[in-house]
Amino acid sequence: MLRPALIAAAIVAAFPAYADSGLDALRAELRAMKSSYEARIQALEARLEKPESPAAPAEPLPQQTAAAPAGNHFNPDISLILQGRYAHLQDAGERRIAGFLPSGGHGADAARGFSLDGTELVMSASVDPYFRGHLILALQDEAAEIEEAWFQTTGLGNGLSLKGGRFRSGLGYQNEQHPHAWDFADNTLMYRALFGEGYGNDGVQLKWVAPTDLFMEFGAEAGRGASFPGTDRNTNGAGSVALFGHLGGDVGASHSWRAGVSYLHAHARDRDSELEDMNGVHADTLFSGKSKTWMADVVWKWAPNGNAREQNFKFSAEYFRRSERGSLLCEDNSAEDSACTGLDDAYRSHQSGFYAQGVYQFMPRWRTGYRYDRLNPGTVDFGANSAFLPATDTQPTRHSLMLDYSPSEFSRLRLQYSKDKSMEGQNENQWFVQYVHSLGSHGAHKF
Amino acid sequence: MRNLLVLFVLWLPVHAQAALNVFACEPEWAALAHEVGGGDVKIYSATTAMQDPHRIEARPSLIAQMRRADLVVCTGAELEIGWLPVLLREAGNAAVQPGLPGYFEAARFVALLDKPARLDRADGDVHASGNPHIHTDPRNILRVSTALTARLAEIDPANAAAYRSRGQDFAARWNAAMARWQTRAAPLKEVSVAVQHASFLYLLNWLEMRTVATLEPKPGVEPALGHLARVAAQLQVTPARMVLRAAYQSPRPADWLASRAGIPALALPYTVGGNARAGDLFGLFDDTLDQLLKAAP
């Protein structure tokens, strides 16, 4: 967390060419412009004196044009994401997914009415010939969260790359996407239940792409494991380990696909989750133990002749299984007329779920999409705490329908309707109107 | 940097035994690499003439090809900015990173036209370094072929002589073809045309034809009916002889305007593979000129 003054300092530091010696830089730039114009005028004069024959065969070997004089070109590529929405939602209080321990994160505190949905500052550049760096800041009121800040090697070769710092894990398909790249106005239930928003970690990632026609990518990550489902544990070594593999390719000119499997192993100590106990009273629980998550993902895209400009279709689906094993403490809240007595006993859960979505661009600028979310609370064994904490047989589901309009590659307006049955005993109609704008350098999105 | 080069050179012979893998971003550079590289190179074209090179998905198959490339031949000038950086980043191929001999940007070897005076996205999808559709001028093809020959010889010294000889042979045939095209194209001089996107700026500049209208209200922005109606009205005052679009572009706006103005709409191949006749670079310009001459007798 940073104070606004620190953010300002960080932003100023990102523009060293201006901040350090603005005047000198300006003078240097003027000089560079002047000399470049003089050179151009001379070149033009030379051409006037000796008219060029259009197909001169004896043209000298073309010289690579020099890069533009160094002005602010050494500054990182900067882009800014502006995102906001109007949400018509019920007053549902804590938005807990029935049967799942809350993961915290952005999905949990869905604001009603108008709100800023996400403001992100993205900077990236080559560090030197061996590394590139990337920073994503999520700006909130009186806070800036470092969503990602990492370096990646560019010079290892042989299909290898090493990433280090804070980054979104390569697990699954949607995980690396930030909210502005989502095809719907809100997160999938699966990712909300698993990670809050997406699984980020402080650590290292080694990735290898195989030298084959079929795309094959394998990655391993080790990190602090401080975010849900793990916690910060104040230990040396790795708190979480992730493994993933993806295959992909084309079928003809019009179809392409990618599919993969991922595994996440994380440790938690005193992981805090707020539940409702048997008496319907707020109860604080602390989980300590291991969390294992398997995920499978598949993406299929279609565009006539591979030309996505007019029409295209994208289908993606992901499935997960998570099992957690350890102990759960339900803090004593009997003073507030409720059930828990501060008992710490064994906890085991096996849960699963999936989402599947299709997005169709039926004409330039216009897309429509449908998403189905379903989670299975599976078996949750609270041990002796079963006497105080209720089990559920609600299967959280949600249907979402969206229509979006993109005046250009850089702007998008979206309307979404969701029928949300993810909370205990609720059947909610949700409406979202959302905008996503991206300013600055042209970002390139992954498949 | 030097260490990397040493590593690169050490690593090179392993792959040089097999043909040199060339990853071409667009079909025109694949065709050119074929002319110069012949049997010494194995070429993969990332896109086809039916695809808009501005809007390509960074597909897994492209990453897999990039992984094995010894040389990447692209246009540059931000044409591939939406997808090429992802491929370079994801493939883990150290030899083809920008700035290294394995990375070749054609636009660096020609003078770009239409460099915008100001950079503002309010002006649409502008390219800061100028219009990137350089291959539509055959003089640029010649310039790039010279540079590409030198580059191939640099990264595959074992076959340098073969590249040079094929490069010279291509240049001779290309010069002869250009002389022929130039003579044939004489009637096209000063002919006015409307274009869908500024795809043919260099072609029209070479042939000294005039662009009197653009169907896209701003670069990269889809032509809308309101704007097309204004263009149609404008063509009443400054008539055009034909409407040009590239094979990959939607026919609707050009056809609508053409029928409104009573002029022909031409689907030029734009690049190699754009139609049956444009099977190679020579066929590309033969067919382009035939179509233009037919429409402006």
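The values are calculated or read from the model by the stated rules, or taken from the named source; none is laboratory data. Given the structure is predicted, the values throughout are model-derived calculations rather than measurements. Quick reminder, even Gly has a Cβ in these numbers, built from the backbone with ideal geometry, and neighbours come from all protein chains shown.
A residue that is small (Gly, Ala, Ser), surrounded by fewer than 16 Cβ atoms within 10 Å (Cβ to Cβ) and either within 19 Å of the chain's Cα centre (by Cα) or more than 27 Å from B:Ile56 (Cα to Cα) (or both) occurs nowhere in the stretch B:209-222. Say whether the condition of being touching a Gly at 6+ places or on another chain (Cβ under 7 Å), within 22 Å of A:Phe215 (Cα to Cα) and surrounded by fewer than 22 Cβ atoms within 10 Å (Cβ to Cβ) is met by at least one residue in the stretch A:266-275. Within the stretch A:266-275, none of the residues are touching a Gly at 6+ places or on another chain (Cβ under 7 Å), within 22 Å of A:Phe215 (Cα to Cα) and surrounded by fewer than 22 Cβ atoms within 10 Å (Cβ to Cβ). Just one of (1) away from chain A (no Cβ under 11 Å); (2) surrounded by fewer than 22 Cβ atoms within 10 Å (Cβ to Cβ); (3) at pLDDT 95 or above fails for B:Arg143. It is (1). Scanning the stretch B:169-188 for residues that are within 11 Å of chain A (Cβ to nearest Cβ) and within 10 Å of B:Val36 (Cβ to Cβ) gives a single hit, B:Ala171.
Count of the stretch B:72-92 residues, restricted to those that are of a type in the set (Gly, Ala, Ser) and either within 8 Å of another protein chain (Cβ to nearest Cβ) or free of Cβ contacts under 8 Å to residues at least 12 places away in the same chain (or both), is 3. The number of residues in the stretch A:243-296 being among the hydrophobic types (A, V, I, L, M, F, W, C) and within 14 Å of chain B (Cβ to nearest Cβ) comes to 6.
Of the strands (runs of 3 or more DSSP E) lying entirely inside the stretch A:109-169, those containing at least 1 residues that are more than 14 Å from chain B (Cβ to nearest Cβ), basic (Lys, Arg) and within 23 Å of A:Gly443 (Cβ to Cβ) span A:160-168.
Considering the stretch A:368-389, and only residues there that are in contact (Cβ under 8 Å) with a residue 60 or more places away in the chain and among the charged types (D, E, K, R), the residue that is surrounded by the most Cβ atoms within 10 Å (Cβ to Cβ) turns out to be A:Asp373.
Any residue at all in the stretch A:231-238 that is under 20 Å from B:Gly92 (Cβ atoms), among the charged types (D, E, K, R) and more than 14 Å from chain B (Cβ to nearest Cβ)? Within the stretch A:231-238, not a single residue is under 20 Å from B:Gly92 (Cβ atoms), among the charged types (D, E, K, R) and more than 14 Å from chain B (Cβ to nearest Cβ).
When A:Pro211 is tested against the conditions (1) buried (at least 21 other Cβ atoms within 10 Å of the Cβ); (2) in contact with a helix residue (DSSP H, G or I) (Cβ under 6 Å, 6 or more places away or on another chain); (3) modelled with pLDDT of 95 or more, the lone failure is (1). Within the stretch B:223-262, the set of residues being touching a residue at least 60 places away in the same chain (Cβ under 8 Å), in a loop (DSSP other than H, G, I, E, B) and under 20 Å from B:Ala296 (Cβ atoms) comprises B:Ala247 only. Is it the case, given these coordinates, that A:Gly165 is surrounded by fewer than 20 Cβ atoms within 10 Å (Cβ to Cβ), touching a strand residue (DSSP E or B) at 6+ places or on another chain (Cβ under 8 Å), more than 28 Å from A:Thr285 (Cα to Cα) and assigned by TED's automatic domain parsing to the domain that holds A:Thr212? In short, yes. Name every residue in the stretch B:93-104 that is at the interface with another protein chain (Cβ under 7 Å from one of its Cβ atoms) and either crowded, with 24+ Cβ neighbours inside 10 Å or assigned to a helix (DSSP H, G or I) (or both), in order of residue number. Within the stretch B:93-104, B:Asn93, B:Ala94, B:Ala95 qualify. Residue-level check: of (1) more than 13 Å from chain A (Cβ to nearest Cβ); (2) in a helix (DSSP H, G or I); (3) among the charged types (D, E, K, R), B:Arg164 misses just (1).
When B:Gln196, B:Gln234 are checked against the criterion of being over 22 Å from the mean Cα position of the chain (by Cα) and at pLDDT below 95, B:Gln234 stands alone in meeting it. Scanning the stretch A:249-265 for residues that are surrounded by fewer than 21 Cβ atoms within 10 Å (Cβ to Cβ) and part of a strand (DSSP E or B) turns up A:Gly249, A:Asp250, A:Val251, A:His255, A:Trp257, A:Ala259, A:Val261, A:Tyr263, A:His265. Filtering the stretch B:54-71 to residues that are more than 10 Å from chain A (Cβ to nearest Cβ) and assigned to a loop (DSSP other than H, G, I, E, B) leaves B:Ala69, B:Asp70.
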